[in-house]
Amino acid sequence: MSEVLLMEGNEAAAEAAILAGCDAYFGYPITPQSEVIEYLADQGRKRGMVVMQVESEVAAINMVYGAAGAGARVMTSSSSPGISLMQEGLSYIACAELPCLLININRGGPGLGTIQPSQGDYFQSVKGGGHGDYHLIVLAPASVQEMADYVYLGFDLADKYRNPVLILADGALGQMMEKVIFPDYDPKQRKISKPWATTGKTANRPPNVITSLHLQSEDMEKINIHLQEKYRQIEKNEVRYELISTDDAEYLLVAYGLSARICQRVIEIARQQGIKVGLLRPISLYPYPYEMVSKLADQVRGILVVEMNAGQMVEDVRLGVNGKIPVDFYGRMGGIIPTPEDTLTSLKKLMNKTQPKKSSEKLIKEKV
Amino acid sequence: MNGTQEPINGMEVVWEKPSTLTETRMHYCPGCGHGVVHKVLMDVIEEMGIQDKTIGVAPVGCSVIAYNYMNIDMQEAAHGRATAVATGVKRVLPDKIVFTYQGDGDLAAIGTAETMHACNRGENFLIVFINNGIYGMTGGQMAPTSIVGMKTSTTPEGREVHTQGHPFKITEIIAMLPGTYYVTRHSVHTPTTVRHFKKAVEKAFKYQQEKKGTCLIEVVSNCPSGWKMTPLQSNKWIEEKMFPFYPPGDLKVDGKLVEKKPIPPAATTEIKESK
Ligand SMILES: Cc1ncc(C[n+]2csc(CCOP(=O)(O)OP(=O)(O)O)c2C)c(N)n1
Ligand code: SF4
Ligand SMILES: [Mg+2]
């Protein structure tokens, strides 16, 4: 199916889910992502999916647990407050190692906040969110095309690692219209067998049990060690990012999702002014491209992290940089999207701080 | 796992553990109703030959590790979310037999929304509701179903309506929901009541095979440890104190409400101190 279509992000994700052979969707409406369930309620049901609007996000995520445990390819979607309600269930899902896909169309918080786009759920998404030591695999699309692409990828990764996968986007990506091409994908070939699923105990196997309960500390530690080993594998195999104009870059922008789109414009303007700046766009937010951050920190003089929040991913950039060069942050909150102009101003401030030698020599002289 | 044993010295086998129960020794306190209910459920599953089709869901509560005893595929659910998990299972495996096994805290407090909505949607599974009027697992705190005057670790002076509200007759409400087909209240504290309960389980599984909608069986049960009684005292207490407020019998049959005699109000149930 290589037809070019014009679609909004939420609908593209929903269509991709149908094409990826998603068996079931459980969700609860919330702006700015209700188009996902609306699209599926029409198209998904017509094409054989179980699509249910249920009583709450708490119920939805636990239905995802049940359906995933029964071996189905299953998903839910929501926006920030709804995703918060799902955190207990996600912790259970991560521990019970149930493959499933979630989409968070991030809106501005905290609290009921605003329905405008935000990246304020970064910490919640990549550091755990619920209780205990666990990780979701987190993918950050930056276009409608990627909203679709990462649905396929997300289902495959979820099955491969028996791990929940989260697509973290924002209200703008969810609702803007762009062209999209749905790649060829044959769910029959891609879906893997799930011998661990609860489908009814047959005579030739012991009962299958889906649980996150391990009352003996030794057993619980073993489960944790197993999960951690899995996370190390994911960190080794699944780091994804995009580099834009970094070959000759003296300064680096780091941004994901919609912020990365703005940074691309910043690069255009800056380069016209002779500023050699590039962009690292993390695509997998967990696992995070620390190594690439570290490598680029050896090349550039300073890094500006741009986010639609108060500064969350910047902590991961600083971990990757490990003090080698200055890392500044520019962000807007409450659903405001940073402008390329203001971002460029922040970049120039960083450049002033990081001018080579001369200024620091002056400083030393002054001190003397 | 098969319970079949060689007869010793040519003796005749008159009773066997069903193959649907594992060899694992149950952790329940002596005299607790949980073990009896497990046994009856597994007997019925074996007798109906549906072991390979059945998926159980046990949420947090004393019976959270029911999967150690039930030799069937099972999912453990978060506290209160059993009917949501069961909905997920049943909706993707509509031809399987699904049941939940929930305590009163699980079904009638933290999971009330999930319970009501599953029943209202008429989810085609069986809910087994163990009403022991207490939070057994966490050490005997008040449950939504604790009767008036009942002493628990969080109602040391006895449950009192003005501060703790009324005991929750959730089964009566569930019977009124159009999605439910068979709603009944039982107990397992005597051989006769066990037999009646077993019949109810058989019916409920049959209705599920016929896709009739939600079936709920409440078991008015005991918690000798939480109630701080001997098993015998607790069984007596079921009859004297629980039954007046939670009378056994059918509430809904074939999708129709059963006419009931008026039930004595909670506040008149007088509780005597038990040793
Ligand atoms: C979210 C959450 N809150 C609280 C608990 C603690 N907890 C575990 S079981 C339970 C009550 C169980 O009572 P009930 O459902 O009546 O089952 P019983 O043990 O009496 O059979 C509580 C409060 C928990 N596990 N999860
Ligand atoms: S605490 Fe109560 S409900 Fe739990 S096993 Fe003991 S007697 Fe049974
Ligand atoms: Mg209880």
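Things worth noting here:
- Residues being part of a loop (DSSP other than H, G, I, E, B) and among the aliphatic types (A, V, I, L, M) are entirely absent from the stretch B:155-174.
- For the stretch B:188-223, a residue qualifies if it is within 16 Å of ligand 3 (Cβ to nearest atom) and under 13 Å from B:Asp250 (Cβ atoms), and the qualifying residues are B:Leu216, B:Ile217, B:Glu218.
- In the stretch A:81-92, the residues that are within 14 Å of chain B (Cβ to nearest Cβ) and closer than 23 Å to A:Asp170 by Cβ: A:Leu85, A:Met86, A:Gln87, A:Gly89, A:Leu90
- Pick from the stretch B:12-43, criterion touching a Pro at 6+ places or on another chain (Cβ under 9 Å) and assigned to a helix (DSSP H, G or I), ranking: farthest from ligand 3 (Cβ to nearest atom): B:Asp43
- Residue count, the stretch A:64-80 (criterion: in contact with a helix residue (DSSP H, G or I) (Cβ under 8 Å, 6 or more places away or on another chain) and more than 10 Å from every other protein chain (Cβ to nearest Cβ)): 5
Let's see how each residue does on (1) assigned to a loop (DSSP other than H, G, I, E, B); (2) at the interface with chain A (Cβ under 8 Å from one of its Cβ atoms); (3) over 17 Å from the mean Cα position of the chain (by Cα):
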| position | (1), (2), (3) |
| --- | --- |
| B:Gly56 | no, no, no |
| B:Tyr67 | no, yes, no |
| B:Glu76 | no, yes, no |
| B:Ala86 | no, yes, no |
| B:Arg91 | no, yes, yes |
| B:Asp95 | yes, no, yes |
| B:Thr100 | no, no, no |
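- Residues of the stretch A:164-185 that turn out to be assigned to a strand (DSSP E or B), farther than 19 Å from A:Ile61 by Cβ and within 13 Å of the chain's Cα centre (by Cα), as a count: 1
- Qualifying residues in the stretch A:63-93 (those that are in contact (Cβ under 8 Å) with a residue 60 or more places away in the chain and either of a type in the set (Asp, Glu) or surrounded by fewer than 23 Cβ atoms within 10 Å (Cβ to Cβ) (or both)) - the one nearest to A:Val151 (Cα to Cα): A:Gly71
- Selection status of B:Ile130, buried (at least 24 other Cβ atoms within 10 Å of the Cβ) and either within 12 Å of ligand 3 (Cβ to nearest atom) or more than 18 Å from B:Ala200 (Cβ to Cβ) (or both): yes
- Taking the numbered list (1) crowded, with 22+ Cβ neighbours inside 10 Å; (2) within 16 Å of ligand 1 (Cβ to nearest atom); (3) not in a loop (DSSP other than H, G, I, E, B) in turn, B:Val201 passes all entries but (2).
- Only a single item in (1) within 11 Å of ligand 1 (Cβ to nearest atom); (2) out of contact with any strand residue (DSSP E or B) (no Cβ under 8 Å at 6 or more places or on another chain); (3) free of Cβ contacts under 8 Å to residues at least 24 places away in the same chain is not met by B:Ala78, and it is number (2).
- Answer residue from the stretch B:214-231, given it is in a loop (DSSP other than H, G, I, E, B), over 15 Å from B:Ser63 (Cα atoms) and out of contact with any Phe, Trp or Tyr (no Cβ under 9 Å at 6 or more places or on another chain) and is farthest from ligand 1 (Cβ to nearest atom) among those: B:Thr230
- Test: B:Ala113 is over 23 Å from B:Val37 (Cβ atoms), within 14 Å of ligand 1 (Cβ to nearest atom) and either in a helix (DSSP H, G or I) or of a type in the set (D, E, K, R) (or both): yes
- Pick from the stretch B:212-242, criterion away from ligand 2 (no atom under 16 Å from the Cβ) and within 15 Å of the chain's Cα centre (by Cα), ranking: farthest from the other protein chains (Cβ to nearest Cβ): B:Ile217
- Some residue of the stretch A:224-238 being within 14 Å of chain B (Cβ to nearest Cβ) and more than 17 Å from the chain's Cα centre (by Cα): no
One line per residue, one yes/no per condition, for (1) aromatic (Phe, Trp, Tyr); (2) under 30 Å from A:Lys188 (Cα atoms); (3) touching a residue at least 60 places away in the same chain (Cβ under 8 Å):
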{"site": "A:Gln116", "(1), (2), (3)": "no, no, yes"}
{"site": "A:Gly120", "(1), (2), (3)": "no, no, yes"}
{"site": "A:His131", "(1), (2), (3)": "no, no, no"}
{"site": "A:Leu136", "(1), (2), (3)": "no, yes, yes"}
{"site": "A:Ala140", "(1), (2), (3)": "no, yes, yes"}
{"site": "A:Ala148", "(1), (2), (3)": "no, yes, yes"}
{"site": "A:Ala158", "(1), (2), (3)": "no, yes, no"}
{"site": "A:Leu166", "(1), (2), (3)": "no, yes, yes"}
{"site": "A:Ala172", "(1), (2), (3)": "no, no, yes"}
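- A:Leu253 vs. criteria more than 20 Å from A:Ser143 (Cβ to Cβ) and either crowded, with 18+ Cβ neighbours inside 10 Å or not assigned by TED's automatic domain parsing to the domain that holds A:Gln145 (or both): no
- Boolean, A:Ala14 is part of a helix (DSSP H, G or I) and in contact (Cβ under 8 Å) with a residue 24 or more places away in the chain: yes
- Within the stretch B:133-149, being surrounded by 24 or more Cβ atoms within 10 Å (Cβ to Cβ), touching a residue at least 24 places away in the same chain (Cβ under 8 Å) and not in a strand (DSSP E or B) holds for B:Gly133, B:Gly136, B:Ala143, B:Thr145.
- Unique residue being of a type in the set (Val, Ile, Thr), more than 16 Å from the chain's Cα centre (by Cα) and within 16 Å of ligand 3 (Cβ to nearest atom) when the list is B:Thr145, B:Thr152, B:Thr115: B:Thr152
Condition check ((1) within 16 Å of ligand 3 (Cβ to nearest atom); (2) out of contact with any helix residue (DSSP H, G or I) (no Cβ under 6 Å at 6 or more places or on another chain); (3) of a type in the set (Phe, Trp, Tyr); (4) not assigned by TED's automatic domain parsing to the domain that holds A:Ala20) across all residues:
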| site | (1), (2), (3), (4) |
| --- | --- |
| A:Tyr39 | no, no, yes, no |
| A:Met52 | no, yes, no, no |
| A:Glu55 | no, no, no, no |
| A:Val58 | no, no, no, no |
| A:Asn62 | no, no, no, no |
| A:Gly82 | no, no, no, no |
| A:Glu88 | no, yes, no, no |
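The values are calculated or read from the model by the stated rules, or taken from the named source; none is laboratory data. Being a predicted model, the structure only gives us computed values, none of them experimental. All Cβ positions, glycine included, derive from the backbone under ideal geometry; neighbour counts span all protein chains shown.
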